[in-house]
Amino acid sequence: MASSSECRPYTLLSCGMSLDGYLDDATDERLLLSNDADFDRVDEVRSGSDAILVGAATVRNDDPRLQVRSAERVARRRAAGRPAQPLKVTVTNRAKLDPEARFFAVGSGPKLVYCASDTVDMATEHLSSVATVVDAGRPVELRGVCEDLFARGVRRLMVEGGGEVHTQVLTEGLADELQLVVAPIFVGHPGATRFVGPGQFPFSGRRRARLVSTTQLDDVVLLRYALSSRFSERAW
Ligand SMILES: NC(=O)c1ccc[n+]([C@@H]2O[C@H](COP(=O)([O-])OP(=O)(O)OC[C@H]3O[C@@H](n4cnc5c(N)ncnc54)[C@H](OP(=O)(O)O)[C@@H]3O)[C@@H](O)[C@H]2O)c1
């Protein structure tokens, strides 16, 4: 991987969770936590991002498109001399990703798969026609992924889950901002995915994150937190 020592993109974590802290339920159906007003807000955040990162389980379970949907926002990006869509990025150890997943199949923009060294050959065989596969070492460290993205020109990175990826970004001190949407439902299933798993988080005990704003969007609430000194009030 290209390296760029201390340099990493401004990183914003974005997710929706239930009142009891879950990202999803335990069924095969994708749980709808957001609402139309919030989907539109997320679209605006995406349009301000150079890249969007999700974990491989999110690619497999949710089959997200990870596209800016609004034609007006796409036009604004083009007018500013930026690519029409943000770069799509995922990380994997096992490399069990379907090249027909919407992550790869939707949108003509570039996609990056950061893959553990021991499965990189398999990933290249299956995915090289639809994405650039990067040997990210073993273990794959997200700090290295972020630095490599910075070296590739990514300055604003949006992380859209799931829980395993959020946990690493937070515990490795890579997050500058958290946009957390709380939906008015409970999941209550021990097998469901939580917003984060166990770990040593930079904000615990007496060290508290700074709440910047709260915004009600119909029946959900957006909580915006500054997580580093790089936090930027700039609207995305
Ligand atoms: N509510 C929301 O806003 C929201 C957003 C996104 C996702 N979700 C939900 O979250 C759930 C998925 O979350 P999750 O915690 O299970 O998984 P995840 O964070 O989406 O992905 C975990 C997977 O990513 C890969 N990975 C993560 N870190 C890695 C590293 N350092 N090196 C190599 N590979 C790495 C591994 O893939 P391999 O297994 O391929 O090795 C791992 O199994 C889904 O059910 C989805 O619905 C909700």
Subset tally (residues that are without any contact (Cβ under 8 Å) to a residue 24 or more places away in the chain, within 13 Å of residue 89 (Cα to Cα) and of a type outside the set (S, T, N, Q)) for region 114-137: 1
Residue 77 vs. criteria out of contact with any strand residue (DSSP E or B) (no Cβ under 6 Å at 6 or more places or on another chain) and more than 18 Å from residue 16 (Cα to Cα): yes
Condition met for residue 197 (touching a residue at least 24 places away in the same chain (Cβ under 8 Å), in a loop (DSSP other than H, G, I, E, B), within 23 Å of residue 52 (Cα to Cα) and touching a Leu at 6+ places or on another chain (Cβ under 8 Å)): no
Matching residues in region 16-71 - criterion: being assigned to a helix (DSSP H, G or I), more than 8 Å from the ligand (Cβ to nearest atom) and among the small types (Gly, Ala, Ser): 37, 47, 71
Test for residue 82: is it more than 23 Å from residue 220 (Cα to Cα) and either more than 10 Å from the ligand (Cβ to nearest atom) or touching a residue at least 60 places away in the same chain (Cβ under 8 Å) (or both): yes
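Which ones in region 163-193 are in a loop (DSSP other than H, G, I, E, B) and within 12 Å of the ligand (Cβ to nearest atom)?
Just the residues of region 163-193 that are in a loop (DSSP other than H, G, I, E, B), to begin with: 172-176, 183-193.
Within region 163-193, 172, 174, 183, 185, 187, 189, 191, 192, 193 qualify.
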Residue match in region 151-172 (condition: over 27 Å from residue 67 (Cβ atoms) and of a type in the set (Gly, Ala, Ser)): no
Some residue of region 96-106 being within 16 Å of the ligand (Cβ to nearest atom), crowded, with 17+ Cβ neighbours inside 10 Å, assigned to a helix (DSSP H, G or I) and within 16 Å of the chain's Cα centre (by Cα): yes
Failed criterion for residue 160 (all others in (1) under 15 Å from the mean Cα position of the chain (by Cα); (2) more than 8 Å from the ligand (Cβ to nearest atom); (3) in contact (Cβ under 8 Å) with a residue 40 or more places away in the chain hold): (2)
Test: residue 35 is within 27 Å of residue 218 (Cβ to Cβ) and polar (S, T, N, Q): yes
Qualifying residues in region 146-162 (those that are in a helix (DSSP H, G or I) and not aromatic (Phe, Trp, Tyr)) - the one farthest from residue 195 (Cα to Cα): 151
Tally, over region 1-33, of residues that are under 16 Å from residue 194 (Cα atoms), hydroxyl-bearing (Ser, Thr, Tyr) and modelled with pLDDT of 95 or more: 3
Residues satisfying the stated conditions in region 121-147, i.e. under 30 Å from residue 171 (Cβ atoms), away from the ligand (no atom under 11 Å from the Cβ) and in contact with a strand residue (DSSP E or B) (Cβ under 8 Å, 6 or more places away or on another chain): 124, 127, 131, 132, 133, 134, 135, 146
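Condition check: assigned to a helix (DSSP H, G or I), away from the ligand (no atom under 11 Å from the Cβ) and either free of Cβ contacts under 8 Å to residues at least 12 places away in the same chain or not charged (D, E, K, R) (or both). Does residue 74 satisfy that? Quick ask: steps written out before the conclusion?
Details: assigned to a helix (DSSP H, G or I): yes; away from the ligand (no atom under 11 Å from the Cβ): yes; either free of Cβ contacts under 8 Å to residues at least 12 places away in the same chain or not charged (D, E, K, R) (or both): yes.
So residue 74 fits the description; yes.
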Of the criteria (1) in a loop (DSSP other than H, G, I, E, B); (2) within 17 Å of residue 46 (Cα to Cα); (3) of a type in the set (A, V, I, L, M, F, W, C); (4) touching a residue at least 40 places away in the same chain (Cβ under 8 Å), which one residue 89 fails: (1)
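The values are calculated or read from the model by the stated rules, or taken from the named source; none is laboratory data. These numbers come from a predicted model, not from an experiment. Glycine gets a Cβ as well: all are built from the backbone with ideal geometry, and neighbour counts include every protein chain shown.
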